[in-house]
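Inspection log for the structure reproduced underneath, given as structure tokens.
The values are calculated or read from the model by the stated rules, or taken from the named source; none is laboratory data. None of the values given here were measured: they were computed from a predicted structure. For neighbour counting, all protein chains shown are included, and Cβ atoms are generated from backbone atoms with ideal geometry for every residue, glycine included. Calculation scope for accessible area: heavy atoms of the full protein, side chains included, ligands and nucleic acids excluded. Shrake-Rupley method; radii C 1.70, N 1.55, O 1.52, S 1.80 Å.
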Amino acid sequence: MESPQNVQSLPIDIQTSKLLDWLVDRRHCNLKWQGAVMDIREKIKAAIQDMPENEEIKELLSGSYIHYFHCLRIVEILKGTEASSKNIFGRYSSQRMKDWQDIISNYEADNVYLVEVASLLSRNVSYEGPALRKQVAKAQQLQQELSRREVDCQNSAADLRVRYYTACKQYGITGENVARELQALVKDLPTVLGEVGRDAAKLEEQIQLYTAFTNFVCEWSEPVLPMLTFVQKRGDATFYEWRTGEVPAVIERPVIEEAPADTITEETIDWGDLGSGTESQEVNFGITVEDGVDWGISLDSEQDPGAGGIDWGESGTAPIEIEVVDVGTDCPDGVAKGEDALTILETPQLRSQFIDELMELEVFLSQRLTEMKEEADVVAMSQFQLAPIVIQDQTRQHVEKMQAVVRDLLVRLTTLRMQHLFMIQASPRYVERVSEMLRQKLKQADILVLKRATQAEKRQEAFEEQARLEPRVDLLARSTRKLQKLIEEDISKRYNNRPVNIMGVNV
């Protein structure tokens, strides 16, 4: 059996979550303590309306909750400020002092003060502390998320600008005024195609070799590479010359309208939805051209003729007479205008034929090089003993040079930039579509820059919220530890100063 001295040294450990039950079970407090506390709170509320000017009292009353130990300190302060109201019997005639002494007496009845501060301690540990920590953690997490979004917006905006200038570079423009720069390229297109037509004169030997080989192998009676042969001899001539065989005396080329100024202002930018509801929105800036060029003509019968549709006339009117005129009859001889004024390489159908024949010639030369690698045996050499001299005299090195010339012309006509220029020449609406597609990249970049600024503002707000909450957490932790110490000391006095530990106090 342990001696009383040993029992006196044993600590009393109480879990915070069980503190209220422990006080009631040990008969230190009454089960109906909450009603008494409510009456005391009403008296405190009335008493604080009439307080003397004192900095320490102001500090005590500035707290969110005034408990028993605050009231004790207020009474101590009032003993100094209300000393003049003390009578010969040692009692205070001041109503202030009587009110606070009455509050303390009510607190001490049935140890209401002890159960109240124990309840306050449990609430701080179980609810107030975790709630404040959760708000701080949420503010920190929000700052990290907004910071990540800022970086994403900045990177995406930079990527869109890079894509814009990369696309402009592919088109061969600077991007300052897309529409005008694109049409300026179209103005230079005849010069570029003229250079291709002049360089086509270098294809004479390649055409002769292909013609000789075709006639030797197949005894071909049809003209070989007619378009390529024509351009090789006459250059990039007009469609009129190809059609009639005569050089036009007058060429009236179609006039290209100037594009309007391509300016981007804040008023022209559709800022879209800058909310944070959907962050992973993907914008498709590409243009897909299917089944030719979209000329924007709709045959919808209900379409308003004034809105760009075709006005077929009112119903019930007399039938429309259509007069068929032969091609070229409206132009005098020797005058090339309209489509006739365009060159062969400017005309889509003829240009396609020219490119097809270039590809045909290039494939032939590639096949011929492959065959020449395998013609080392006597049997293969004997097959070309009766071939024309132009076939027998060829070497692999010379054929490779001829193939390089053909490939150079083919590449110059089939680059992405040339394809866009041909589309621009064929459809004025294509210029609008390309301009709008490129402008969208800059618009989206501007939207992302604005969105980044919005995210930065929200991140600053979250930082300020964290800065506001952290002192509250520290204050709550200090007041909770102070309550813990006061409760431990009070309970210890009730058990002959045995050490008391209230466990699980973390705020």
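Being part of a helix (DSSP H, G or I) and open to solvent by 70 Å² or more (accessible area, probe 1.4 Å) is a property that holds for GLN34. When THR370 is evaluated against the numbered criteria (1) closer than 30 Å to ILE251 by Cβ; (2) at pLDDT 75 or above, which criterion, by number, is the only one it fails? Exception for THR370: condition (1).
Scanning region 202-214 for residues that are without any contact (Cβ under 8 Å) to a residue 60 or more places away in the chain and over 15 Å from VAL406 (Cβ atoms) yields one hit, THR214. With respect to (1) surrounded by 14 or more Cβ atoms within 10 Å (Cβ to Cβ); (2) in a helix (DSSP H, G or I); (3) more than 59 Å from the chain's Cα centre (by Cα), the lone exception for GLN8 is condition (1). Against the criterion of being without any contact (Cβ under 8 Å) to a residue 12 or more places away in the chain, part of a helix (DSSP H, G or I) and touching a strand residue (DSSP E or B) at 6+ places or on another chain (Cβ under 9 Å), LYS134 does not qualify.
Got a number for residues in region 24-62 being of a type outside the set (A, V, I, L, M) and without any contact (Cβ under 8 Å) to a residue 24 or more places away in the chain? Outline the logic, then answer.
From region 24-62, those of a type outside the set (A, V, I, L, M) are 25-30, 32-35, 39, 41-43, 45, 49-50, 52-56, 58-59, 62; that's our starting set.
This time we only want the ones that are without any contact (Cβ under 8 Å) to a residue 24 or more places away in the chain, so: 25-27, 32, 34-35, 41-42, 45, 49, 53, 55-56, 58-59, 62.
Of the residues in that region, 16 qualify.
Every condition in (1) open to solvent by 60 Å² or more (accessible area, probe 1.4 Å); (2) in contact with a strand residue (DSSP E or B) (Cβ under 6 Å, 6 or more places away or on another chain) holds for ILE502 except the one numbered (1). When GLN101 is tested against (1) in contact with a Lys or Arg (Cβ under 6 Å, 6 or more places away or on another chain); (2) at pLDDT 85 or above, only condition (1) is not met. If only residues of region 170-205 that are farther than 30 Å from VAL231 by Cβ and part of a helix (DSSP H, G or I) are counted, the one that is most open to solvent (accessible area, probe 1.4 Å) is ARG180. Give the residues of region 419-457 that are without any contact (Cβ under 8 Å) to a residue 60 or more places away in the chain and under 20 Å from LEU185 (Cβ atoms), sorted by residue number. If the condition is that a residue be without any contact (Cβ under 8 Å) to a residue 60 or more places away in the chain and under 20 Å from LEU185 (Cβ atoms), then GLN419, GLU436 are the ones that fit. With a requirement of 1 or more residues that are open to solvent by 80 Å² or more (accessible area, probe 1.4 Å) and touching a helix residue (DSSP H, G or I) at 6+ places or on another chain (Cβ under 8 Å), the helices (runs of 4 or more DSSP H) lying completely within region 383-488 that satisfy it span 396-414, 416-426. The residues in region 48-69 that are open to solvent by less than 90 Å² (accessible area, probe 1.4 Å) and in a helix (DSSP H, G or I) can be counted, and the count is 6. ASP340 meets the conditions (1) in contact with a helix residue (DSSP H, G or I) (Cβ under 9 Å, 6 or more places away or on another chain); (2) among the acidic types (Asp, Glu); (3) open to solvent by 60 Å² or more (accessible area, probe 1.4 Å); (4) modelled with pLDDT of 50 or more in every case but one. The failed one is (3).
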